[in-house]
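> This is the structure I want to talk about, given as structure tokens.
The values are calculated or read from the model by the stated rules, or taken from the named source; none is laboratory data. On a predicted model such as this, the values are computed, not experimentally measured, just so you know. Positions of Cβ are generated from backbone atoms using ideal geometry, with glycine treated the same way; all protein chains shown enter the neighbour counts. Note: areas computed on protein heavy atoms with side chains; ligands, DNA, RNA excluded. Shrake-Rupley method; radii C 1.70, N 1.55, O 1.52, S 1.80 Å.
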Amino acid sequence: MDTFLNDIKEIHIVEDAKRLLFGAFVSETDIVQRALDLASVAHKGQKRKSGEPYIIHPILVAAITALISGDEVMVASALLHDVVEDTHYELEDIERDFGVDVVHIVGGLTKIVEIRDEKLIPSVSGDRLINSALSFRKMLIASIKDVRVLVIKLCDRLHNMLTLDALSSAKQKRIAEETLVVYAPIAHRLGISRLKNELEDLSFYYIYPNDYAMIDTYIKSNKQNLQFRLNALIQKVENMMHIDGFHRDSFEIFGRVKHYYSIYLKMHRKGVSIEEVLDLLAIRIIVKEPIQCYRVLGLLHLGCTPLISRFKDYVALPKENGYQTIHTTLFDDDGIVESQIRTTEMHKLAEYGIAAHWKYKEGGSKVHLDWLEGLNYQNESVEEFYELAKSDLFSEDIAVFSPKADYYTLPKNSVALDFAYLIHSEIGETASSALINKKKSSLLTILKMEILSRL
Ligand code: MN
């Protein structure tokens, strides 16, 4: 875990919480100080389940918000986020003291609680929980138009996840499932990978403690070897870049073990054990200019063997949320290593997503995003994951190519007709036979790695 979040987990007294809040990411401005004062008075005497003073929670949510956004209106709103819900203060009080911007955000955060109570069935069977969580997510996205509200809500949820130990195990699991189905996908869509990865790993820890422990044990007992592989590759790339004329201070390279939940998903998707997951490692090369991404790419592909089917150029073709990075996968002696190449600017956007706009003061303070609506019916990996976990049918995937070399994955034992439906339901409905590797075949032919076209 991130050291900042680790610090947060260790904080149990109010003074430490305040010190962290004002430590690195926000200054003691008038509005932040007043919000802190009001929240302290409002929550006075209230305790969290852990027995700690309640005010620690909003202060630390504000600290995470400060890390993510650096925006004082958002930090003040984070300090006040539970005031209307949990104390006798009303939105009018907030508006009088803090103005329309803050009251608008606090109002939005209070509304989330209302939607949740209406949409979420409390602790029931797995299926219904997932369904109600999905409809909760839909409502949430549809009704919360100010993205700042969502960002603060994610920070709130992250702090709750960090302090879940105080709750009963049934509650831990329910909150973790909600986090995985509702909040992690929102963080993903907003492009805030720093929040998304932590939310996923914390949820994973509570939902599947045994699988988490197994991955954790494996990674820890192989730490030396993994670190050695990372260092060797980083050294090699550094050398290649120096020889090519990159100045020592003009780039940075980081190595890491991928986050646990992504390793777990890979094991499930491919039906393999952790020993068989080849790409546990990733490196990231950060350069100054977009064109340099391609020079580095050239060096990597010429100097190491790339697994070319995994190559993705999101620099030339950014994702919908603005994400830009070149992804390529390289072979090393023991497996493969995912390599990402991006500029400093792209890196900020990849880590902080939409929040980068406030953090780095680019663009206005109020952002309304139409594309967020698209989240409504997007198929997110979380539902897929639940499907995967429930059924062995999906334990292995096959890759199928269209004649244009588009790449599709299907569960093992899928037939040509499944492929047709995957392309489009209309094609599935009207297909009469298929061409598999240019040979006419029945729609019920079981597919291997093949090239398919419609007859
Ligand atoms: Mn809260």
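> Under the classification rounded if a/c is under 1.5, otherwise prolate if a/b is larger than b/c and oblate if not, where does the range 196-304 fall, given a ≥ b ≥ c as square roots of the Cα gyration tensor eigenvalues?
It comes out prolate by the Cα gyration axes.
> Show which lysines lie in cross-link reach of Lys266 when reach means a straight Cα distance below 23 angstrom and same-chain residues fewer than eight apart are skipped.
Within the straight-line limit of under 23 Å, Lys266 reaches these lysines: Lys173, Lys196, Lys220, Lys223, Lys258, Lys312, Lys319, Lys390, Lys412, Lys448.
> Ordering Lys44, Lys9, Lys312 by how much accessible area each has at a 1.4 Å probe, largest first, what is the list? Numbers along the way, then the final one.
Details: Lys44 165, Lys9 60, Lys312 95 Å².
Listed by decreasing accessible area, they come as Lys44, Lys312, Lys9.
> Sticking with this one: Could you go through the range 188-205 in sequence order and give the Karplus-derived ³J(HN,Hα) for each residue, using 6.51 cos²θ - 1.76 cosθ + 1.60 with θ = phi - 60°, rounded to whole Hz, and x for Gly and Pro?
4, 5, 6, x, 8, 5, 4, 6, 4, 5, 5, 4, 5, 5, 5, 5, 3, 4
> A further question on this structure: Note down the Stokes-Einstein diffusion coefficient of the range 124-223 in µm²/s, whole number, using a Kirkwood radius over alpha carbon pairs, 20 °C, and 1.002 mPa s. Mind dumping the intermediate values first?
Numbers: Rh = 14.3 Å.
Using the Kirkwood radius from Cα pairs, D works out to 150 µm²/s.
> What is the distance, in nm, between label points placed 7 Å from the Cα along the Cα-to-Cβ direction at Glu95 and at Lys49?
Between Glu95 and Lys49, the simple spin-label model gives 3.4 nm.
> Right, here's the next one. Determine the share of the chain's accessible area contributed by carbon and sulfur atoms, expressed in whole percent, with a 1.4 angstrom probe.
52
> Separate question: Report the FRET efficiency, 1/(1 + (r/R0)^6), for Lys138 and Asn239, where r is their Cβ-Cβ distance and R0 is 51 Å, rounded to 0.05.
0.50
> I would also like to ask the following. At 222 nm, what helix-only mean residue ellipticity would the chain give, in deg cm²/dmol to the nearest 500, using -39500 (n - 2.57) for each DSSP H run of four or more?
My calculation for the chain gives -17000 deg cm²/dmol from helical runs alone.
> Using the 2.2 N^0.38 Å rule of thumb for compact globular proteins, work out how the chain stacks up: its C-alpha Rg over that value, please. List each step's numbers first, then the result.
On the way: Rg = 24.1 Å, N = 455, 2.2 N^0.38 = 22.5 Å.
So the chain has a normalised radius of gyration of 1.07.
> Per residue, how much accessible surface does the chain expose to a 1.4 Å probe? Answer in Å², no decimals.
Counting only protein heavy atoms, the per-residue value for the chain is 48 Å².
> Share of antiparallel DSSP beta bridges in the chain, in percent to the nearest 5?
If we restrict to bridges inside the chain, about 75 percent are antiparallel.
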